[in-house]
Amino acid sequence: MAVQESIGFSGGVRRLGTVLELDTRLLSMVGALIAIWIFFDLASGGLFLSPRNLWNLAVQTSVVALIATGMVLVIVSRGIDLSIGSLLAFLGILGGFIQTEVLPLEGPHSWWISILVMLAAGALFGGLQGVIIAFLSIPSFVVTLGGLMFWRAAGWLFTQGRTITPLDSTYSILGGGSIGEFWSWVVCAAGALIVVAFIFWKRNSRRQLGFPVKPIGVELVMILVWIGLIALFAQTMNAYNFPRSELGRGIPVPVLLLIIIASVMAYIANMTKFGRYIYGYGGNPEAAELSGVNTKRVVAGAFALIGMLTAVGAMISTARLNAAPLSIGQLLELQVIAAAVIGGTSLAGGVGTILGALIGALLMQSLQNGMVLIGVPSSPQQMVMAGVLIFAVWLDMIYQKKRR
Amino acid sequence: MPEPTPAVEMRSIFKHFGGVHAVEDMDLTLYPGEVLGLLGHNGAGKSTLIKILSGAYPRDGGEILIEGKSADIQTPRDAKAWGIETIYQNLALADNLATPANIFFGREITTRFGALDEAAMEHASIRVMKRLNPNFDNFHDAVSNLSGGQRQAVAIARTLQFNAKIIIMDEPTAALGPHETQMVADLIRNLKAEGIAIVMISHDLHDVFDLSDRITVMKNGRHVWTGDVDQVDKDDVLQMIILGRRPDGSYAPGILSENT
Ligand SMILES: Nc1ncnc2c1ncn2[C@@H]1O[C@H](COP(=O)(O)OP(=O)(O)O)[C@@H](O)[C@H]1O
Ligand SMILES: [Mg+2]
């Protein structure tokens, strides 16, 4: 057995993964992503990997990716949320309504009040669906399918179908703004510091308890890889200039939001009791119950969380359009679910990572972006995406079977 | 000699699932530092009875006293607060989590800032698992990758970690080989020596006679007989389990009508 494990390429990759504490599945996703990027770059004559396209790709990915981090927790706890796109439209309209009808348009406080209301409403309505699911034991599929029909219709009531536009100009920064070259470097330096601090903190707490730690060389290589990736990211975002200008745009605000939210979500998933209960409940609901976990509150909490993330998604989407149309976010739930599943979240529950969902979202968006660049019409695009989703679920089933 | 206060007294417990009366008018008494064998054939209501004690099921009727005090146990959390720990028949482990996460599931150690303290939990897990299985060193894999005996050890470690006063074991050796069974038997003796009261459900009469001080037999959800192990032999016990016939020749309530 041990001999079989150690020979062959996959065995080698697995061992490398163990040494670096990386998931082999994650590594293969990164591999697929790189392959897709190289393919589209060649097929588009170098357009795909241009700073301009990568900047746009990052913005396009942000909404799906940030909601997908919440979808991971929902699916891990054996649920599904089909109401995302519809709830996003409702929350966007709610925000626009507050900025234009309730408060004075361009009023000094309009932007942040509407943001707070959207976040609170997202958590409240997402949580409400969660409470119905958890406390009345109605399958999440049914409740959120109801939400899918309900929320867009509720949005219509606000506006009678009229598109709210324009929106507050400060608010619009959330969609199209970027933070400039200097602040991009500051953010990336801070990010690198946090990564380094985290690696050493983990190493130190292990050593204090007398556990073996990785060779310092391996840690240093990891740190260099991280710093290199972060610097490459900042460099790329800064390389896309404002029109007729030498100034780089820097990190787009939606991407900055995504980075912050994804970090918080990774913390919640891996380092809090709530996250632990989500995974434990997904692995064995009965065990969670018998261990004294308040499972109903955990499940409802996951839906409140994704509702709040949907509000952030609504802000970015409406701010980008400078409008809150009723049609926004259509089929978004499927893109979000696909991102989570492609990123290794198992529909059977109990398995899934935040990082995986980010890579899944980027992979999907790269496919779509690349197909646009090489001139594939939109219908075949959707057909390809559908194929990729089913392929990802099939891969997951093979993977799960192998682990048994 | 005055009788010591029982660690657990369950009086006239009732529980039904729809039309099925799983437990009816059942009594159980457990003294500190003793092992009580709970016997009965499949479907007799043993698991249901102990799940009422561990808070997994709310009872429909009856009373529970812990060390003489009335205990209103409604949830697993309540039971744990009374010092009752349970090893369930199906182990109730979260298969996708690693050993430390399972041992501390529901009662995680956190840092000052409220984050999970993984290192501290792993450290404590290593210590408690050493007591059960000195060779065990797989603390990072999901428990679905462990052997039956190792999983059993993880389930037992869950109870040891939290200083239980009362431990309930539902068929703790059913999935184990002879070596591991011996290990669990030694463990039960050690726990007993520490003054912990243990209820053990088992099908293996040899184990029961070997480890128990007293036995309680139930049939069709009802109490048949309770007494010292040395008052009866295996034949007597089998008669009670299968026929509901006590050593003195009388029948448990609700049995006679069925057999005539
Ligand atoms: N959760 C449940 N729902 C419905 N019926 C149950 C449930 N648990 C146990 N029962 C029924 O209650 C009776 C007692 O079962 P159980 O307590 O598991 O017996 P034992 O552990 O002695 O084999 C059986 O008839 C069983 O089918
Ligand atoms: Mg049973």
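The values are calculated or read from the model by the stated rules, or taken from the named source; none is laboratory data. Note that the structure is predicted; figures quoted are calculated from it, not measured. Please note: Cβ atoms are built from the backbone with ideal geometry, for glycine as well, and neighbour counts cover all protein chains shown. SASA here: full protein model, heavy atoms, side chains in, ligands and nucleic acids out. Shrake-Rupley method; radii C 1.70, N 1.55, O 1.52, S 1.80 Å.
Excluding ligands, DNA and RNA and using a 1.4 Å probe, chains B and A jointly bury around 2300 Å² of accessible surface, summed across both partners. Based on Cα contacts under 8 Å between residues 6+ apart, the stretch A:179-251 shows a relative contact order of 48 percent. Projected onto planes of every orientation and averaged, the convex hull of the alpha-carbon atoms in the stretch B:1-96 covers 7.6 nm².
Listed by chain and number, the aspartates and glutamates placed with their C-alpha closer than 19 angstrom to that of A:K402 are A:E5, A:D23, B:D95, B:D141; residues fewer than eight positions away on the same chain are left out. Measuring with a 1.4 angstrom probe and ignoring ligands and nucleic acids, B:H206 comes out at about 110 Å² accessible.
Out of every Cα-Cα pair that the stretch B:197-260 contains, those further apart than 21 angstrom amount to 20 percent.
Across chain B, C-alpha contacts under 8 Å between residues 6 or more apart give a mean separation that, scaled by the residue count, equals a relative contact order of 24 percent. The base-10 log of I(q)/I(0) for the stretch A:323-404, evaluated at q = 0.12, 0.17 Å⁻¹, reads -0.40, -0.73 [Debye formula, identical scatterers on Cα atoms, solvent excluded]. Between B:F17 and A:I173, the distance separating the two model label sites (each 7 Å from Cα on the Cα→Cβ line) works out to 6.0 nm.
Dividing the C-alpha radius of gyration of the stretch A:88-199 by 2.2 N^0.38 Å, with N its residue count, gives 1.42. Can you list the residues of the stretch A:251-268 with backbone N under 16 Å from a point 7 Å past the Cα of A:A189, pointing along Cα to Cβ? Under cut-off, by backbone N: A:251. Gyration tensor analysis over the Cα atoms of the protein assembly as shown returns equivalent ellipsoid semi-axes of 56, 29, 21 Å (largest first, whole Å). Model label points for A:L395 and B:L238, set 7 angstrom from Cα along the Cα-to-Cβ axis, are 5.9 nm apart. At a threshold of 30 Å², the residues of the stretch A:209-258 that become less accessible to a 1.4 Å probe in the full protein assembly than in their chain on its own are A:L209, A:F211. When you work out D = kT/(6 pi eta Rh) for the stretch A:230-343 at 10 °C and 1.306 mPa s, using the Kirkwood radius from C-alpha pairs as Rh and the Stokes-Einstein form, the result is 92 µm²/s. The share of alpha-carbon pairs in the stretch A:179-251 lying farther apart than 21 Å comes to 41%.
By DSSP, the beta bridges lying fully in chain B are antiparallel in about 60 percent of cases. Over 29 Å apart at the Cα level, from the set A:K296/B:K192; A:K273/B:K46; A:K273/B:K51; A:K214/A:K401; B:K15/B:K80; B:K130/B:K165, are A:K296/B:K192; A:K273/B:K46; A:K214/A:K401.
Between the stretch A:94-123 and the stretch A:126-201, the alpha-carbon centres lie 14 Å apart.
Computed from the mean reciprocal separation of all distinct C-alpha pairs, what Kirkwood hydrodynamic radius does the stretch B:109-227 have, in Å?
On the way: mean 1/r = 0.0620 Å⁻¹.
With all distinct Cα pairs of the stretch B:109-227 included, I get 16.1 Å.
What part of the accessible area of the protein assembly as shown, given as a whole %, is carbon or sulfur when the probe is 1.4 angstrom? Taking all protein chains in place, the protein assembly as shown shows 63 percent carbon and sulfur surface. Excluding ligands, DNA and RNA, the accessible surface per residue across the stretch A:179-251 is 63 Å² with a 1.4 Å probe.
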